[in-house]
Amino acid sequence: MPQPKTDPHDIYRIMELFSDEERLIHDSVLDWVKERFLPLIEEHYEAGTFPLELLPELAELGVFGPTLPEKYGCAEASYTAYGLINQALEYGDSGLRSFVSVQSGLVMYPIYAFGSEAQKDRWLPQLASGKAIGCFGLTEPNHGSNPGGMETIATPVEGGYRLNGAKAWITNGCLADVAVIWAKVGDGDSKSIRGFLVEKGTAGFSTAEYKKKLSLRASVTSELFLKDVFVPEENMLPNVQGLKGPLSCLNQARYGIAWGAMGSAMFTFETALRYGLEREQFGRPIAGFQLQQLKLSEMATDIVKGRLVAWRLGQLRNAGEATPVQVSLAKRDNVNTALRIARTARTIMGGMGIMLESHVMRHANNLESVYTYEGTHDIHHLILGEALTGLAAYEG
Ligand code: TGC
Ligand code: FAD
C-alpha cells in the first residue's frame with residue numbers, strides 16, 4: 001500500500017500546542033473510544049440504544065464535568081482539556097459526545113454555576129461518577145429556536161412550585177435521574193424564566209422516547225411531560241433568572257461541539273484516506289486520482305483550520321474571555337465543515353460508504369442533528385450577523 005509522506009492526522013503539529021496533561025487526557029479518552037466504544041457502536045446504532053453498560057468506564061475516565069472542582073469528584077482540568085475530551089469522544093460517535101455534553105455542560109454546569117450548596121453537594125458527585133444521569137429541558141414542541149417563547153409555567157404554591165408544560169427533543173430524557181427544566185414563573189415574561197431540578201419519579205412527570213430517528217441513533221431522545229408537577233422551593237436553582245440562565249449553559253455545550261465536530265471529521269477523513277489507498281480501480285489506488293486527491297486535500301485543510309479555531313477558543317475560555325459570539329462562530333462552522341467532510345468521505349468510499357460497517361454515513365447522519373441542535377446553523381449565522389451589524393434579524 002502507498003505510504004503518506006506527511007502525518008495526515010496532524011499536518012500542522014497541533015498536538016504540540018497542548019500541555020502534557022492535556023495530551024494525556026486526550027490520548028486516554030481516544031484509546032478508550034477505539035478499544036471499548038467503537039467495537040460496540042454498530043450494534044447500538046442499529047438497535048437505537050446508548051451503550052449504558054459503558055457508563056462506569058466513562059466516569060472513570062473523568063469526562064463528566066471535567067473543568068469542575070475536585071471536591072465534587074471532578075478533574076478540575078482546563079477548558080482545552082474539556083475540548084480535547086469532546087474531540088476524542090466524537091471521533092467515536094456524536095451520540096457519545098452528546099451524552100457527555102448534556103451531563104457536563106447542561107446539567108452539572110448549571111447546578112455548579114447557579115445551584116445552592118445543598119444542590120451541588122447532592123448532585124455533582126453523583127453526576128461526576130455516572131451514578132446519576134441528567135437531562136436539560138429547554139426546547140418545547142412550539143418553541144425551538146426561540147426558547148424565550150416557552151409555554152412551560154411554574155405557578156408558585158405553598159412550599160414550592162407547580163409545573164405544567166412539555167419539553168421536546170430532550171437528550172437522555174427517559175434515562176435521566178434529574179431533569180433541569182426551564183419554566184416561566186408568574187406573568188410569562190422571558191425575564192421570569194427559572195431553572196428547576198425535577199427528579200425522576202416525581203408525580204405528574206413522564207417521558208416518551210422518539211423511536212424512529214435516522215440520526216444520533218445511539219443517543220436517547222425524549223419528550224418530557226409535566227402535569228401539575230410539584231417541585232419544592234429547594235429544587236429551584238436560586239442564582240439565575242431570565243433566558244440568560246439556559247443560554248449560558250448552551251455556551252458550555254456549544255464550545256464542546258466545536259471541538260467534537262473536529263473529532264468526527266478526523267475519523268471520516270482518516271477512514272476515507274485509508275480506503276482510498278487500499279482500493280484499486282483502473283489498476284491503481286483511487287487515492288492516486290487527481291479528483292480524489294482534491295477532496296482529500298480540502299478535507300485535510302479544513303480540519304487544520306477547524307482545529308485551530310477550537311484551540312484558540314479554548315485559550316480564550318481558559319482566560320475567561322471567550323464571548324458567546326466566538327462560541328457561535330466555532331460551533332456553526334466546525335459542524336458545517338465536519339458534515340461536508342463526512343459526506344465527501346462517503347463519496348470517496350463509493351458504495352461501501354453507505355454501509356454501517358464503514359461508519360462514515362453514521363457520522364454524516366449524526367451531524368445532521370448536531371447542525372440543528374444547540375442553535376441551528378442559521379441561528380448561529382444570525383448571532384454573528386447581529387454582532388457584525390448591531391441589527392438583530394431573528395424576528396419579522
Ligand atoms: P436575547 O434577548 O438575545 O437574550 C436574552 C438574555 O440572554 C442573554 N444571552 C446570553 N447569555 C449567555 N450566553 C449566551 N449565549 C446568550 N445569548 C443571549 C442576553 O444578554 C439577555 O440577557 P439579559 O440580562 O439582557 O436578559 O434573546 P432572544 O430571545 O432574542 O434569543 C436570541 C437567540 C435566538 C440567539 C437565542 O434564543 C438562541 O440561542 N436560540 C437558539 C436556541 C438553542 O440553541 N436551543 C438549544 C437547546 S438545548 C440543545 O439543543 C441541547 S442538544 C444536546 C446534545 O445532545 O448535545
Ligand atoms: P425550528 O426552530 O422550528 O427551526 C426550523 C427551521 O427554521 C430551521 O432551519 C431554523 O434555522 C429556521 N429558523 C428558525 N428561526 C429562524 C429565524 N429567526 N430566521 C431564519 N431561520 C429561522 N433541546 C433541549 O432543550 N435539550 C436537549 O437535550 C436537546 N437535544 C436534542 C437532540 C436532538 C437529536 C435534536 C434533533 C434536538 C435536540 N434539542 C434539544 C432541540 C434543539 O435544540 C432544537 O431542535 C433546535 O434548537 C431547533 O429547534 P426546532 O427543531 O424547533 O426548529
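List of remarks:
- Residue in region 74-92 that is out of contact with any helix residue (DSSP H, G or I) (no Cβ under 7 Å at 6 or more places or on another chain) and either in a loop (DSSP other than H, G, I, E, B) or more than 16 Å from ligand 1 (Cβ to nearest atom) (or both) present: yes
- Residue check, T344 assigned by TED's automatic domain parsing to the domain that holds G256, β-branched (V, I, T) and closer than 23 Å to H9 by Cβ: yes
- Test: residue in region 206-215 that is within 13 Å of ligand 1 (Cβ to nearest atom), part of a loop (DSSP other than H, G, I, E, B), modelled with pLDDT of 95 or more and buried (at least 20 other Cβ atoms within 10 Å of the Cβ): no
- Residue-level analysis places G105 outside the set of residues that are within 27 Å of D31 (Cβ to Cβ) and either more than 10 Å from ligand 1 (Cβ to nearest atom) or part of a strand (DSSP E or B) (or both).
- The set of residues from region 254-287 being on the phi < 0 side of the Ramachandran plot and either touching a strand residue (DSSP E or B) at 6+ places or on another chain (Cβ under 9 Å) or of a type in the set (F, W, Y) (or both) comprises Y255, W259, F267, F269, Y275, G276, L277, E278, R279, I286.
- Checked against (1) over 22 Å from L216 (Cα atoms); (2) near ligand 2 (Cβ under 10 Å from one of its atoms), S145 passes all but condition (1).
- The residues in region 363-396 that are more than 8 Å from ligand 2 (Cβ to nearest atom), over 16 Å from the mean Cα position of the chain (by Cα) and part of a helix (DSSP H, G or I) can be counted, and the count is 8.
- For region 180-205, the tally of residues that are part of a helix (DSSP H, G or I) and polar (S, T, N, Q) stands at 2.
The values are calculated or read from the model by the stated rules, or taken from the named source; none is laboratory data. Computed from a predicted model, the values in this text were never measured in an experiment. Note: ideal-geometry Cβ built from the backbone for every residue, glycine included; neighbour counts use all protein chains shown.
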